[in-house]
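Here is the structure we will look at.
The values are calculated or read from the model by the stated rules, or taken from the named source; none is laboratory data. On a predicted model such as this, the values are computed, not experimentally measured, just so you know. FYI the Cβ positions are ideal-geometry reconstructions off the backbone, even for glycines, and counts take in every protein chain you see. Side chains are part of the model used for accessible areas, which takes the heavy atoms of the whole protein and leaves out ligands, DNA and RNA. Shrake-Rupley method; radii C 1.70, N 1.55, O 1.52, S 1.80 Å.
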Amino acid sequence: MRFSQTLIPTLRENPVEAQVVSHRLMLRAGLIRQLNAGIYTWLPLGLRVLRRVETIVRQEMDRAGAQEVLMRAVQPAELWEESGRWAHYGKELLRMKDRHDRDFCFGPTHEEVITDLVRREVRSYKQLPLNFYQIQTKFRDEIRPRFGIMRGREFLMKDAYSFDKDVEALDVSYKAMFAAYQGIFQRCGLEFRAVEADTGSIGGASSHEFHVLAESGEDTIASCTNCGYAANLEKAVSGDTEVASDGTPEPMARIETPNKRTIEEVSSFLKVPVEQTVKSLIVETEEGLIMLVLRGDHVLNEVKAMNALGVTQLTLPEPERVRELTGVPVGSIGPVGTEITIVADPGTQMAGGFVCGANEAGWHLTNVVWERDLPAPRFVDLRNVTAGEPCPRCDSGTLVLHRGIEVGHVFKLGEKYSQAMNAVVLDENGREKTLVMGCYGIGVSRIVAAAIEQNHDDNGIIWPMALAPFQVMLLVINPKDKALMEAASALEKGLSAKGVDVLTDDRDERLGVKFKDADLTGIPLRVVIGGRSLKEGKLEIQSRRGGDPTTLSPDDAVEGLYQMVQQELALNASS
RNA sequence: CGGGGUGUAGCUCAGCCUGGUAGAGCACUGCGUUCGGGACGCAGGGGCCGUAGGUUCAAAUCCUAUCACCCCGACCA
């Protein structure tokens, strides 16, 4: 393809709205343009990358035995009412009405549609297992779209749904998808982690997320330095099973702490380490008020709290509201003598007792011990792990934290949808059996952004070979020179015959401009075709990743470049 | 949903406070010079100053409303 005939609107300056690297570079390299908040048009170069990802996903899904279908974006409300999600999904669901005033939505996901299809078309256990996937545009009306493609509202997603006769069979389907995902991200040339994830409001047995490691990631993931344990922070647990040891704590005492409100203030005022204090958090749930008690330096994990309490809504009210509800200013709330139900993190069972609010402004209690000074509450993990804590799975490892971009999610759904929508088959005994489902998503467009987050330098994108819009860029120094253009044409022809995609920069631009754009667009191999070196029978080949340029004769160039492309692809080939 | 910010040429921005015929750099067009890492000169084209009201002899500038986009927050007692 010729640069001069393709719309590749590169930008010299940084667009103001772009905060993260991938967003900035996608705009500057001319891959995308914004249409609306969280909605982007894919330009020719960007679309080629998107297609590469799609192709890899499609090949690996096919290989794993999934069948491709295409469900449509617009879905009738009836199905969502059947599953119960019409009422529960909230504002992220883009709802609309047709001319007959009937309700529809633009699908953010397709569990209902596929379950409806399967219940209509599948009758017998003999037809199982089944796994359908599609690559489709989704719309989620995000509260705050940001980071360009990374958290857009309209995006491209691969979603797959498996149907099995029982949980054992689901396990097989799940493992196959897990393996396929590893192959996909590996082929994309991405550094990623599969982590255990919270199953969230959907419930279900188990779930893994696939994260591309990048500083700009919106998620935090914890992994073990020694064993394979890795989990989303929402789910990660500490191996630190600190329980009350022996030793006789002092009796509980009431101490005046004038104007000391925060943990830090109280801790330094009383000269007690924060590890010996607790914080008492009042949360509002649909089940009413709950007091959560955590060690002073620990951070509440709301997902864990919601799971532990069995609630779907949990908010930390504003300080004024807490005062209204309890009659005590936030800094002085404590578990002793309260009538609110208490749930505590195991980390509050410290041997020497703890410091907590006295439920009276300006007073705290010290040496408080569960059971001795107040009834023991239910203890359950409520907090975020921190870096350096022991691994929960092995003896010698410690946890490290990374930032990650979630690009894939596999999920054992169980019978949530099949039961609600009555998707059944007849088993060996002629009995109706509810199907057991799994669902598996990949953010196809997000992978493009994630790949850039992980592969760039100050000058622009550095595409992994497998995702590059073109593998080779021919940089013709002077396109008016017929000999040079002929050399370029010959190379284009030879390479495309071998399946290598070539972009030829034939613009009548200064050399510096072309080099800058070549760097920006990140095409992995760059061939400089100039009069001087061509006369010497040499072509200069430079990898975008850096390193010394190599030279090839025009006769060897096609084969040489082809080999270089193949070599780099082979590095990430899935097994 | 709350708070903040910005809307002026394709892009990045000045002008607004203190009202008086709309600017710069880059990009674009033409000519010339130059040209193996974002050249230079000359000459050009391009903007209802987001939109709608209002104040005024006069509004990009002041006031009101509205829309859009961006950022922060929606959590640590």
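For segment A:164-199, name all the residues that are in contact with a Ser or Thr (Cβ under 8 Å, 6 or more places away or on another chain) and open to solvent by less than 50 Å² (accessible area, probe 1.4 Å). Show your work before the answer.
In the first step, residues of segment A:164-199 are kept if they are in contact with a Ser or Thr (Cβ under 8 Å, 6 or more places away or on another chain); the result is A:164, A:170, A:173-174, A:177, A:182-184, A:186-187, A:193, A:195-199.
Scanning segment A:164-199 gives A:Asp164, A:Leu170, A:Ser173, A:Tyr174, A:Met177, A:Gly183, A:Ile184, A:Val195, A:Glu196, A:Ala197, A:Asp198, A:Thr199.
Filter segment A:1-13 down to the residues that are under 19 Å from A:Val448 (Cβ atoms) and within 8 Å of RNA strand B (Cβ to nearest atom) and list them by number.
Residues satisfying the conditions are A:Pro9, A:Thr10, A:Leu11.
Name every residue in segment A:18-58 that is open to solvent by 20 Å² or more (accessible area, probe 1.4 Å) and either in contact with a Pro (Cβ under 6 Å, 6 or more places away or on another chain) or in a helix (DSSP H, G or I) (or both), in order of residue number.
A:Val21, A:Arg24, A:Arg28, A:Ala37, A:Pro44, A:Leu47, A:Arg48, A:Arg51, A:Arg52, A:Thr55, A:Arg58, listed by residue number.
So if I check each of A:Leu94, A:Leu170, which one is of a type outside the set (Val, Ile, Thr), in the same structural domain as A:Tyr40 (by TED's automatic domain parsing) and in contact with a strand residue (DSSP E or B) (Cβ under 7 Å, 6 or more places away or on another chain)?
Details: A:Leu94 fails: in the same structural domain as A:Tyr40 (by TED's automatic domain parsing).
Sole residue among the options that is of a type outside the set (Val, Ile, Thr), in the same structural domain as A:Tyr40 (by TED's automatic domain parsing) and in contact with a strand residue (DSSP E or B) (Cβ under 7 Å, 6 or more places away or on another chain): A:Leu170.
Do we find a residue being at positive phi, in the same structural domain as A:Val424 (by TED's automatic domain parsing), buried (at least 17 other Cβ atoms within 10 Å of the Cβ) and not in a helix (DSSP H, G or I) anywhere in segment A:144-163?
Quick first cut of segment A:144-163, residues at positive phi only: A:147-148.
Retained after the next criterion (residues that are in the same structural domain as A:Val424 (by TED's automatic domain parsing)): A:147-148.
Retained after the next criterion (residues that are buried (at least 17 other Cβ atoms within 10 Å of the Cβ)): A:147-148.
Right, trim to not in a helix (DSSP H, G or I) and you get A:147-148.
Looking through segment A:144-163, at least one residue is at positive phi, in the same structural domain as A:Val424 (by TED's automatic domain parsing), buried (at least 17 other Cβ atoms within 10 Å of the Cβ) and not in a helix (DSSP H, G or I).
Determine which single condition A:Leu503 fails, assuming it passes every other condition in (1) under 40 Å from the mean Cα position of the chain (by Cα); (2) of a type in the set (A, V, I, L, M, F, W, C); (3) within 8 Å of RNA strand B (Cβ to nearest atom).
(3)
Report, ordered by the first and then the second residue, all pairs with beta carbons closer than 7 Å, sequence separation of six or more or different chains, a first member in segment A:1-17 that is assigned by TED's automatic domain parsing to the domain that holds A:Pro479, and a second member that is open to solvent by 40 Å² or more (accessible area, probe 1.4 Å) and of a type in the set (Gly, Ala, Ser).
Close Cβ pairs (under 7 Å, with a partner that is open to solvent by 40 Å² or more (accessible area, probe 1.4 Å) and of a type in the set (Gly, Ala, Ser)) do not exist here.
Which condition from (1) part of a loop (DSSP other than H, G, I, E, B); (2) open to solvent by less than 50 Å² (accessible area, probe 1.4 Å) is the one that A:Ser396 breaks?
(2)
Using the structure shown, decide if A:Ser574 is of a type in the set (Ser, Thr, Tyr) and in contact with a strand residue (DSSP E or B) (Cβ under 9 Å, 6 or more places away or on another chain). Talk me through it step by step, then tell me what you get.
On the way: of a type in the set (Ser, Thr, Tyr): yes; in contact with a strand residue (DSSP E or B) (Cβ under 9 Å, 6 or more places away or on another chain): no.
Here the answer is no, as A:Ser574 does not meet what is asked.
Across segment A:129-157, what is the number of residues that are within 13 Å of RNA strand B (Cβ to nearest atom), free of Cβ contacts under 8 Å to residues at least 60 places away in the same chain and of a type outside the set (Asp, Glu)? Step through it out loud before you land on a result.
Pass one, segment A:129-157, residues within 13 Å of RNA strand B (Cβ to nearest atom): A:141-154.
Remaining after also requiring free of Cβ contacts under 8 Å to residues at least 60 places away in the same chain: A:141, A:143-144.
Restricting the remaining residues to those that are of a type outside the set (Asp, Glu) gives A:143-144.
Going through segment A:129-157 one residue at a time, the tally reaches 2.
For segment A:469-496, what are the residues that are without any contact (Cβ under 8 Å) to a residue 60 or more places away in the chain and among the small types (Gly, Ala, Ser)?
A:Ala483, A:Ala488, A:Ser489, A:Ser496
Working only within segment A:532-557, note down all residues that are closer than 16 Å to A:Leu484 by Cβ and either of a type in the set (Lys, Arg) or not assigned by TED's automatic domain parsing to the domain that holds A:Lys482 (or both).
If the condition is that a residue be closer than 16 Å to A:Leu484 by Cβ and either of a type in the set (Lys, Arg) or not assigned by TED's automatic domain parsing to the domain that holds A:Lys482 (or both), then A:Arg532, A:Lys535, A:Lys538 are the ones that fit.
How many residues are within 8 Å of RNA strand B (Cβ to nearest atom) and out of contact with any strand residue (DSSP E or B) (no Cβ under 6 Å at 6 or more places or on another chain) if we restrict to segment A:21-52?
Number satisfying all stated conditions: 5.
Condition first: more than 24 Å from A:Pro524 (Cα to Cα) and out of contact with any Lys or Arg (no Cβ under 8 Å at 6 or more places or on another chain). Can you find one or more residues in segment A:9-27 that meet it?
yes
If we scan segment A:373-381, do we find a residue that is of a type in the set (A, V, I, L, M, F, W, C), assigned by TED's automatic domain parsing to the domain that holds A:Val266, out of contact with any helix residue (DSSP H, G or I) (no Cβ under 6 Å at 6 or more places or on another chain) and touching a residue at least 12 places away in the same chain (Cβ under 8 Å)?
yes
If you check A:Gly460 against the conditions, is it within 25 Å of the chain's Cα centre (by Cα), within 30 Å of A:Leu130 (Cα to Cα) and surrounded by fewer than 24 Cβ atoms within 10 Å (Cβ to Cβ)?
Numbers: within 25 Å of the chain's Cα centre (by Cα): yes; within 30 Å of A:Leu130 (Cα to Cα): no; surrounded by fewer than 24 Cβ atoms within 10 Å (Cβ to Cβ): yes.
So A:Gly460 fails the test.
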